[in-house]
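Working notes for the structure below.
Bear in mind these aren't lab numbers, they're just calculated from the coordinates by the rules spelled out. The shown structure was predicted, so the numbers you read here are calculated from the model rather than taken from an experiment. Cβ placement follows ideal geometry from the backbone for every residue including glycine, while neighbour counts extend to all protein chains displayed.
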Amino acid sequence: EVQVLESGGGLVQPGGSLRLSCAASGFTFSTSPMTWVRQAPGEGLQWVSSITGGGDATYYIESVKGRFTISRDNSKNTLFLQMTGLGAEDTAIYYCAKGGIGRPGGLDYWGQGTLVTVSS
Amino acid sequence: QSVLTQPPSVSAAPGQKVTISCSGTASNIGNSDVSWYQQLPGAAPKLLIYGNNKRPSGIPDRFSGSKSGTSATLGITGLQAGDEAVYSCGAWDNSLSAGVFGGGTKLTVL
């Protein structure tokens, strides 16, 4: 059974940092692109970042470039999102998803999300 | 404002059919596979349609997807109360080198 489970969310002050993790199981992690999607309170889905299976290519939404870093540890089947310089606009539920949007399979498995709240 | 355009809401009676549109451009829908996601209240999104018109295992054939040019459509027939959810389309945008979603369409089953 495919599972992805996020962790690491919480309350952080403006300008602070947070590292999200996503533990994956039930599929060949090292060959699967992975994606972070966020959803601000009451808003729609927003694609944040994707990484290829081997980690050799990464992509980001413009608003997080230079502040967020996506990475993966294929030996531990874990995806990460390092977030720095956080602002109120980054407050959202962050979902980890298997796959890549626009790729043939879409985002076929999603975690339950982890809430990030940026507030003083 | 979302890159892909969807109607904010649609509604129909139980048993009826509804379609949800997703409009984009040549840089996204025109050159990308489109996928659709269902988000029930309080739940994580779930893949409904991938590759423009394919259904994952377990998704009933009441749900269908199509794409023509720079637009895509999700169709739902035989509406049930349990279909009340927000439906979002997604694609890759070659110009932005980024993924894009529609703003989401809230389906109400009257």
Percent antiparallel among DSSP beta bridges confined to chain A, rounded to 5, stands at 95 percent
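Counting partner chain Cβ atoms within 10 Å of every residue's Cβ in B:39-45, what's the average?
On the way: counts 4, 0, 0, 0, 3, 13, 8.
The mean count of partner-chain Cβ atoms within 10 Å per residue comes to 4.
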Computed for the range B:50-110: size of charge dipole around the Cα centre, +1 on C-beta of each Lys and Arg, -1 on C-beta of each Asp and Glu, debye to nearest 20, value 120 debye
If every Lys and Arg gets +1 and every Asp and Glu gets -1 at its Cβ, then about the Cα centre chain B yields a dipole, in debye to the nearest 20, of 140 debye
For B:K67, the aspartates and glutamates lying under 17 Å Cα to Cα, once residues fewer than eight places off in the same chain are dropped, come out as B:D33, B:D93
For the protein assembly as shown, the Cα-Cα pair-distance distribution in 10 Å bins from 0, as whole percents, is 8, 34, 36, 18, 3, 0
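Within a Cβ distance under 13 Å of A:V64, other residues only, what is the Lys/Arg minus Asp/Glu net charge?
0
Could you tell me the convex hull volume per residue, in Å³, taken over the Cα atoms of chain B?
Normalising the Cα hull of chain B by residue number yields 93 Å³.
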Output ordering of B:88-97, A:25-34 (per-residue mean of other Cβ within 10 Å, highest first) is B:88-97, A:25-34
With the 8 Å Cα cutoff and a minimum separation of six or more residues, chain A has a relative contact order in percent of 36 percent
As straight-line cross-link partners of B:K106, the qualifying aspartates and glutamates (C-alpha separation under 16 Å, not fewer than 8 residues apart within one chain) are A:E43, B:D83, B:E84
Treating only Lys and Arg (+1) and Asp and Glu (-1) as charged, each at its beta carbon, one finds that the range A:55-109 has a dipole about its Cα centre, in Debye to the nearest 20, of 140 debye
Quick numbers on the range A:63-120, Rg and Dmax over C-alpha atoms in Å, give 13.1, 42
